[in-house]
Amino acid sequence: MLNQLCLIQSRKTKPQLTSSILFWIFLCSFSGLTVSQIAYFVGLKNSTPTIACALSNLIPAATFLLAIPFGLEKVGFRSKAGQAKACGTIICVGGAMLLSLYHGPIVIGQSGIHWKFAENTEEKNSTGHVNLILGPLLLIVSTIFYSLWIIFQARVSEKYAAPYTSTMLMCLMASFQCVIIGVFVVRDKAAWSLDRMRTIAVLYNGIVCTALGYCLTSWCIQRKGPLYVSVFYPLMLIITAVLSWTLLREKLYLGTIVGSFLTVVGFYGALWGKDKEKSKLETESLEIKTDKLKQQSKV
């Protein structure tokens with residue numbers, strides 16, 4: 001799908017692909033797809049879908065912290081926007097740490113819905129080695145590398161105005177990287193076999209999550225802006241928590257609920273600060289343009 005979109009886009013714009021741009025695309029593929037995805041899936045295996053989805057709300061806070069050394073963000077403690085971003089980031093990180101290190105008593109037990117796949121999954125998880133400390137920590141690592149991808153992607157977008165082509169190249173590079181890592185790490189041949197459920201999961205992840213997901217997100221960002229898209233991120237947490245409890249018989253712990261709440265509150269706090277900062281910059285830019293027009297009219 002990305003290849004077809006790339007061909008359609010290349011008819012309109014054909015920017016030059018230099019070695020410098022390829023290097024940045026390689027960094028994007030390694031950080032945002034290879035390392036981030038491997039850490040995410042291993043972390044998901046050692047935790048729960050609700051925790052994995054909750055920790056994804058760390059992305060704005062992690063991106064803000066990582067963007068400071070690159071000179072892409074300024075804290076600005078004196079302004080309300082800077083204070084909101086800083087406080088939101090601290091609350092977001094605190095919620096993530098609570099999710100990772102504290103579980104507490106069970107608030108909502110297993111659902112009464114019986115699904116054969118959920119029962120089989122529960123049996124496999126009970127016999128497998130699940131680490132509820134390692135899992136969330138790997139999910140945090142995944143979030144950090146995904147945030148790095150956002151920063152690297154900003155550089156790629158500045159130098160190479162062909163998002164579908166760059167995304168296609170990223171996916172292609174990441175595929176080779178994951179194959180090489182898989183060959184060295186996974187020696188069991190049975191792990192490479194695809195049964196019915198694995199095939200459905202791979203196709204769904206490739207077609208819906210990667211191809212359609214990236215394209216629809218890019219389209220929404222182009223139409224409404226990144227802030228509009230970010231507002232819907234915490235909605236994934238609510239949907240995942242309900243579906244995990246209903247279909248996968250997941251228990252909801254006090255630490256998961258409180259940590260998720262703090263993460264979402266911190267997320268919206270940082271987002272509000274970023275929105276105020278953006279509005280202030282746009283107002284200042286408009287005032288400068290107005291002053292220039294007044295000076296030109298006087299001349």
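The values are calculated or read from the model by the stated rules, or taken from the named source; none is laboratory data. As the structure is a prediction and not an experimental result, all values here were calculated from the model. With ideal geometry, Cβ positions are generated from the backbone for all residues, glycine too; neighbour counts draw on all protein chains shown.
When segment 242-284 is limited to residues that are among the basic types (Lys, Arg) and outside any helix (DSSP H, G or I), the one that is farthest from Tyr102 (Cα to Cα) turns out to be Arg249. Scanning segment 90-114 for residues being assigned to a helix (DSSP H, G or I), of a type outside the set (A, V, I, L, M) and either modelled with pLDDT under 75 or out of contact with any Pro (no Cβ under 8 Å at 6 or more places or on another chain) (or both) gives a total of 3.
Yes/no per residue for (1) modelled with pLDDT under 80; (2) over 26 Å from Trp245 (Cβ atoms); (3) touching a Ser or Thr at 6+ places or on another chain (Cβ under 8 Å):
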residue: Leu58; (1), (2), (3): yes, no, yes
residue: Ile68; (1), (2), (3): yes, yes, no
residue: Val75; (1), (2), (3): yes, yes, no
residue: Cys87; (1), (2), (3): no, yes, no
residue: Lys116; (1), (2), (3): yes, no, no
residue: Asn125; (1), (2), (3): yes, no, no
residue: Gly135; (1), (2), (3): no, no, yes
residue: Leu139; (1), (2), (3): no, no, yes
residue: Ala154; (1), (2), (3): yes, yes, no
